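The values are calculated or read from the model by the stated rules, or taken from the named source; none is laboratory data. Keep in mind that what you see is a predicted model, and the values were worked out from it rather than measured. Reconstructed Cβ throughout: ideal geometry from the backbone, glycine too, with neighbour counts over all protein chains shown.
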Amino acid sequence: QGTLTEEDKWRSEYTLISPTFGIKGRADALRRGMPVELKTGKNTKREPRFHDKIQAAAYALVLSERGVPADTGTLLYTKNTALERNEETGDLSPAKDFSIGTGLLQFVVRTRNEIAAMEYDADIPTGYEADAKCEYCFERDTCMVVSGRLDQESKAGQVGTAVPTRS
């Protein structure tokens, strides 16, 4: 956090691919070799959201494989700039820096391995595994179509049927 100087080296929309980790993504930007992600929402907490950190840490993992020791990530929450100080409380700064340590990188690798293992698991998640909220889920439509085609019930329901009640 602070001001940009002439020494700040930026690259935008930087594609990162790691065959070793099976990770591919496009970092919104790299600043001095560190991942920077733009988020369209707001975050008035001091710390970035955990799932946003994981995305930036995955990019740091790929960068470290390339010999770039990315130990800091930055998340820019764009709606924080539009908030009025008298209307909101908390940390309204749009840029949230965080440390990317060994523990976080190991968590990213473990999570990546769990996701990769799911590819070979015959079970389709139903949404009941966690206390998921379907109403605002970006995968709601896809979930309903998949469950309908597989003739399985999901928490989001099947195409043309109501959302099941939780027992």
- Note on the structure: Across region 35-69, the tally of residues that are over 16 Å from the mean Cα position of the chain (by Cα) and either assigned to a strand (DSSP E or B) or among the acidic types (Asp, Glu) (or both) stands at 1
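In region 22-34, how many residues are under 18 Å from LEU105 (Cβ atoms) and in a strand (DSSP E or B)? Write out each step before concluding.
Quick first cut of region 22-34, residues under 18 Å from LEU105 (Cβ atoms) only: 22-25, 27, 30, 33-34.
This time we only want the ones that are in a strand (DSSP E or B), so: 23-25, 27, 30, 34.
Within region 22-34, residues that are under 18 Å from LEU105 (Cβ atoms) and in a strand (DSSP E or B) number 6.
Do we have any residue at all in region 71-80 that's of a type outside the set (Ser, Thr, Tyr), outside any helix (DSSP H, G or I) and modelled with pLDDT under 90?
Among the residues of region 71-80, at least one is of a type outside the set (Ser, Thr, Tyr), outside any helix (DSSP H, G or I) and modelled with pLDDT under 90, which makes the answer yes.
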- Index of the failed condition, PRO125 passing every other in (1) modelled with pLDDT under 65; (2) surrounded by 11 or more Cβ atoms within 10 Å (Cβ to Cβ); (3) more than 30 Å from PRO35 (Cβ to Cβ); (4) not aliphatic (A, V, I, L, M): (3)
